[in-house]
Amino acid sequence: MSGVLVCAETRSGDRSEPGRRAIDFELIAAGRALSEQGAGPLAVALIGAGAEAHAEQLDVDGVEQILVVPTALEHFEAHVTQAALQALIEQHCPAVVLAAHTVDSLSFAPALAARGGHGFASDVLAATWQEDGLHAERGAFAERLIAELDFPGKQTVVLLLRTGAFASPHDSGGRPDGQRASVTRVELDLDAAARSERVELREAPVGDVDIAKADFLLAIGRGVGSAEKLAQIERLAELMGATLAVSGPLVEAGWGARTRKVGQSGRTVAPRVYLALGISGAAQHLAGMSRSRTIVAVNSDPDARIFDVAHYGAVADLFEVADALERQLGNGD
Ligand code: FAD
């Protein structure tokens, strides 16, 4: 068994934004790293009706082959994707199959791995190819520990990678090496595979504002202390022309709207500026914002993990900073 097979997400046709999803480029970047470490050549599987149209966009540095599997169904169907991937694994015998840790992949990848007797790990934060094969890392005990995994005896391992955890150098396609991937159309009889019928795709409610589209987010965390004090931060966001976002605990406490939550179980955002006040930088929060262009963090704890991803940081009381900003913007009391 040799090689890395990336299973690209094929739901872009359902999305309001045209083009491939950013996670595809993260998967490819992770696959390319494994390939360079010795896992074998990198191929990308595009499964779905009209998937061929995306082949050129995914023909990026490191990709040697693009396998296009056309399907009769216009929309994503888990069993069809599972059957297609199973056939590709049988034909190409990859050592590693990479897919995104998304609701789509979770609906077929565990079954794919169980049926094929493959190794499996979900929500993977890091993966390396070493002398003795594949190693992966994932959070354990609610992210308090990082579990290191290896897969002894497994010929093929299926990994679901956490979105935002892998650097993605490709955001516009193209390849600096001047090479082209070979594009192979794989005809499979998948007609009998579908077991569910698509009724409707309903996007999750975005609330009064879609934080994923905001250019400037002011994100507030548990450091705010109380719902009452949140009012000052809301006022500051308005003064600064920023959109308010919140960390998970504020939603759980009922202080902030679920639609404004950033992170693994909230929205993934990548604004021009992300100002984080009183946010510790838990892995689940970073998963949703670490691709922001400029991250500014204010936290009273110099060891807070948010400073690991911040471009600018201040070890300070967030209310002192908020007061100073309000004064500067001409609204101080
Ligand atoms: P804390 O970790 O409590 O941090 C508060 C910070 O404020 C501290 O660093 C403290 O030093 C600082 N602080 C306190 N007072 C002040 C002050 N006056 N001035 C400046 N700084 C101050 N979390 C998310 O955010 N999004 C998710 O999508 C998400 N999904 C999750 C999914 C799962 C399955 C699990 C298990 C957890 C998830 N979480 C999520 C929760 C996550 O693990 C963290 O608990 C959460 O991100 C912590 O939020 P926080 O940084 O606001 O709070």
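Values in this text are rule-based calculations from the coordinates and carry no lab data. This one's a predicted model, so the numbers in the text were calculated from it and none came from an experiment. When we count neighbours, we look across all protein chains shown, and the Cβ atoms used for this are built from the backbone with ideal geometry, even at glycine.
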To the nearest 10 degrees, the tilt of helix 318-328 (Cα long axis) against the first principal axis of the alpha carbons of the chain is 70
Net charge within 10 Å of V315 by Cβ-Cβ distance, Lys/Arg positive one each and Asp/Glu negative one each, not counting V315 itself? -3
Give me the net charge of G133's neighbourhood, meaning all other residues with Cβ under 11 Å from the Cβ of G133; Lys, Arg count +1, Asp, Glu -1. -2
Excluding P94 itself, calculate the net charge of residues whose Cβ lies under 13 Å from the Cβ of P94, where each Lys or Arg counts +1 and each Asp or Glu counts -1. -1
Work out, in µm²/s and without decimals, the Stokes-Einstein translational diffusion coefficient of the chain at 20 °C, 1.002 mPa s, Rh from Kirkwood over C-alpha pairs. 100
When the dipole is taken about the Cα centre of region 232-272, and only Lys, Arg (+1) and Asp, Glu (-1) are charged at their Cβ, what size is it in debye, to the nearest 20? 140
Once you charge only the Cβ atoms, +1 for Lys and Arg and -1 for Asp and Glu, what is the size of the charge dipole of region 1-122 about its Cα centre, to the nearest 20 debye? 320
Reachable aspartates and glutamates from K154, criterion Cα separation under 15 angstrom, eight or more residues apart if same chain: E90, E131, D132
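Calculate the dipole size of the chain relative to its Cα centre from +1 charges on Lys and Arg beta carbons and -1 charges on Asp and Glu beta carbons; express the result in debye to the nearest 20. Walk me through the intermediate numbers first.
Numbers: 29 positive and 45 negative charges, 55 e Å.
Dipole magnitude for the chain comes out near 260 debye.
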Contour minus Cα-Cα distance for H135 and Q155 (0.36 nm per residue): 5.9 nm
For V97, list long-range residues whose amide hydrogen, built 1.01 Å from N in the peptide plane, is under 5 Å from its own amide hydrogen. L5, V157, V158, L159
Give me the one-decimal nm value for the distance between modelled label points at R272 and F216, 7 Å along each residue's Cα-to-Cβ direction. 0.8
What relative contact order, as a whole-number percentage, does the chain give when Cα pairs under 8 Å and 6 or more residues apart are counted? 15
Going by average Cβ neighbours within 10 Å, how do the peptides 273-284, 311-322, 254-265 rank, with the highest at the top? 273-284, 254-265, 311-322
Rounding to the nearest 10 and keeping the result within 0 to 90°, find how far the Cα-based axis of helix 22-34 lies from the longest principal axis of the chain. 60
So how tilted is helix 227-240 from the main axis of the chain? Cα-based, degrees 0 to 90, rounded to 10. 80
Positive end of the charge dipole of the chain (Lys, Arg +1 and Asp, Glu -1 on Cβ, about the Cα centre): tell me which of T156, F108, F216 has its Cα farthest that way. F216
Region 308-324 to region 70-120: how many Å between their Cα centroids? 44
Rounded to the nearest 5, what is the percent of antiparallel bridges among the DSSP beta bridges in the chain? 20
Kindly provide the helix-only [θ] at 222 nm of the chain, computed as the sum of -39,500 (n - 2.57) over DSSP H runs of four or more divided by all residues, to the nearest 500 deg cm²/dmol? -7000 deg cm²/dmol
What FRET efficiency comes out for the pair I146/A192, r = Cβ-Cβ distance, R0 = 41 Å, nearest 0.05? 0.45
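I need the peptides 207-215, 115-123 ranked by packing, meaning the mean over residues of other C-beta atoms within 10 angstrom, with the highest value on top.
Details: 207-215: 14.9, 115-123: 17.7.
In decreasing order of mean packing, 207-215, 115-123 become 115-123, 207-215.
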